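The values are calculated or read from the model by the stated rules, or taken from the named source; none is laboratory data. Everything quoted here is computed from the prediction, not taken from an experiment. Reconstructed Cβ throughout: ideal geometry from the backbone, glycine too, with neighbour counts over all protein chains shown.
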């Protein structure tokens, strides 16, 4: 069964709302035959990444960059996973107080180095998430998970 690994750093209620929407989309009953595994960025391992078939990443934008927790995740998995995960699909979401540009750029840089294949546009949210933001995260989760369905 294909596995979607959701790696997230969720330190605030705003990030929590986006994370829950992503999980809800990825686990909607219409998505069949895909196992969804959730890991906090500080506890996700190279083994988790190697065992997954696709990835969803979530982070706050902190001081113009991805969170230290997500950076730590990438630092831990980069070389152990570099060759074996090339071409795998991924998506991501970023929440920030007023600007997420640097965080988006950083994630895109690392995932380009890993040669992962982005299968959905990133969801970027500033300020308190509204209904459209949580809907976009739901769609992100559903899109990436649906892409892993056995007959997709």
Yes/no for residue 102 being at pLDDT 95 or above and over 19 Å from residue 60 (Cα atoms): no
Can you go through 73, 19 and tell me which one is within 26 Å of residue 132 (Cβ to Cβ) and modelled with pLDDT of 95 or more? 19
It is to be established whether one or more residues within the range 48-66 are closer than 21 Å to residue 151 by Cα, surrounded by 23 or more Cβ atoms within 10 Å (Cβ to Cβ), free of Cβ contacts under 8 Å to residues at least 60 places away in the same chain and under 14 Å from the mean Cα position of the chain (by Cα). yes
When only residues in the range 33-47 that are touching a residue at least 12 places away in the same chain (Cβ under 8 Å) and assigned to a loop (DSSP other than H, G, I, E, B) count, which is farthest from residue 74 (Cα to Cα)? 33
Of everything in the range 128-152, what is at pLDDT 95 or above, surrounded by fewer than 14 Cβ atoms within 10 Å (Cβ to Cβ) and touching a helix residue (DSSP H, G or I) at 6+ places or on another chain (Cβ under 9 Å)? Give them in sequence order. 128
Scanning the range 88-120 for residues that are under 18 Å from residue 26 (Cβ atoms), out of contact with any helix residue (DSSP H, G or I) (no Cβ under 8 Å at 6 or more places or on another chain) and assigned to a loop (DSSP other than H, G, I, E, B) gives 88, 116
Selection within the range 67-87 - in a loop (DSSP other than H, G, I, E, B) and either in contact (Cβ under 8 Å) with a residue 24 or more places away in the chain or buried (at least 24 other Cβ atoms within 10 Å of the Cβ) (or both): 67, 82, 84, 85, 86, 87
